[in-house]
Amino acid sequence: MPTIVVEVMPKAELLDPAGKAVAGALSRLGKTEFSAVRIGKRFELTVDGPVTEAVLAEAQQLADDMLSNSVIEDVVRVYLLEGAGSAA
Amino acid sequence: MKIGVVTFPGSLDDRDAQRAVRRAGAEAVALWHGDHDLHGVDAIVLPGGFSYGDYLRCGAIAARSPIMSEVISAANAGMPVLGICNGFQILVEAHLLPGGLIRNDHGDFVCRDQRLRVENASTAWTSGFTVGQEITIPLKNAEGGFIVDAETLKRIEGEGQVAFRYLDVNPNGSLDDIAGLTNAAGNVVGLMPHPEHATEPGFGPDTPDAMRSGTDGLTFFTSVIEGALARA
């Protein structure tokens, strides 16, 4: 089944307390080469049928309207997962 | 007067909100997230909790549940709607109030009796207060940090849409110490603290007079009832 991936990240200017907590753990583990961590979300939308331009546009719309909140997050990327199906 | 309290999967404080409604003198009507029926209520409370497990974002899935299309229509037509904690998050996700709520800046869940200053006493839910009045009601959340873009912040500050501000400490990193908002019309109010938990002597926050005697939250519910009576 074809899969469309939507990647969402908290806005760069916002504090990401969860990422900060992970960064703190890395520091305690001595992994000093990593200075910061930010945690985002990846959605995998399984498509029933061929992935047309219209389906991709629908996924983009969904990403903007529901899967992300533009006040606090940015949609980084919406793309068809390679090897999981082909565009019609 | 009938005040509906919507129960979503994962609502926690719906029963407390119903009890607060009854203590204030109105009839509490249980509303269900999966219905398209407001059962003739005159006002609506979206209670606290963790609707849909806070999946996606706090309040995001609840804001798109069946009952919310009716709640949004009613709110836009002027019906009083109060969102408490998760209910506030739902109102924001439903675009009935501006901004967003993110994880507390310190990363921890916080539970405390919170002092607030009433900034707007002209809304459907705050008309029984006076501007500048200081009240104490419980606060309990992990994702209560209010944020909004600079332009919108300037607008809501300028137009009196900040309804409540945190006093003493900012418990979650909210911009401008904002604890609650109203819409421009004043019928939709949302806040992170829980007025329904400060409506009954013996079960509220401590006051200088006696332990657990605080009932400042009752005024939210009596305000909306008195407003309805005044219009009748």
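Just so you know, all these numbers are worked out from the coordinates, no wet-lab data involved. What you are looking at is a predicted structure, and each value in this text was computed from that prediction instead of being measured. Note that we place each Cβ from the backbone using ideal geometry, even for glycine, and neighbour counts take in every protein chain shown.
Odds and ends about this structure:
- Counting only DSSP beta bridges whose two residues both lie in chain A, roughly 95 percent are antiparallel.
- Fluctuation leader among A:Glu73, A:Glu53, A:Glu33 - chain A, Gaussian network, Cα springs under 10 angstrom: A:Glu33
- Separation of alpha-carbon centers, region A:36-83 and region B:198-214, rounded to whole Å: 48
- Whole-Hz couplings from phi, Karplus 6.51/-1.76/1.60, listed for region B:57-62; x for Gly and Pro: 8, 4, x, 5, 6, 4
- Options B:Val118, B:Gly190, B:Ala75, ranked by Cα towards positive dipole end of region B:2-231, top entry (Cβ charges): B:Ala75
- Virtual spin-label span in nm between B:His106 and A:Asp64, 7 Å along Cα→Cβ: 4.0
- Extension gain, A:Lys41 back to A:Ala57 (0.36 nm per residue minus Cα-Cα distance, nm): 3.8 nm
- FRET efficiency, B:Asn76 to A:Ala21 (Cβ-Cβ, R0 30 Å, nearest 0.05): 0.15
- Whole-percent pair-distance distribution, where bins are 10 Å wide, for the alpha carbons of region B:2-231: 9, 37, 40, 13, 1
- Rounded to 0.05, the FRET efficiency of the B:Val169 and A:Glu13 pair, given R0 = 25 Å and the Cβ-Cβ distance, is 0.60.
- Cα→Cβ-extended label distance, 7 Å offset, between B:Ser213 and B:Glu157, nm: 3.8
- The label point for B:Ser122 and the one for B:His36, both projected 7 Å from the Cα toward the Cβ, are 3.7 nm apart.
- The base-10 log of I(q)/I(0) for region B:151-207, evaluated at q = 0.20, 0.21, 0.26, 0.27 Å⁻¹, reads -0.82, -0.88, -1.09, -1.12 [Debye formula, identical scatterers on Cα atoms, solvent excluded].
- In this structure the amide hydrogen of B:Asn104, modeled in the peptide plane, comes within under 5 Å of the amide hydrogens of B:Glu143, B:Gly144, B:Gly145, none closer than 5 places in sequence on its chain.
- For A:Met66, B:Met211, B:Met68, order by how many other beta-carbon atoms lie within 10 Å, fewest first: B:Met211, A:Met66, B:Met68
- Listed residue (B:Ile156, B:Phe50, A:Ala59) projecting farthest to the positive dipole end of the protein assembly as shown, Cβ model: B:Phe50
- Candidates B:Val110, B:Val162, B:Val45: whichever shows maximal mean-square fluctuation once chain B is modelled as a Gaussian network with Cα springs under 10 Å: B:Val110
- Over the protein assembly as shown, volume per residue of the alpha carbon convex hull, in Å³: 156
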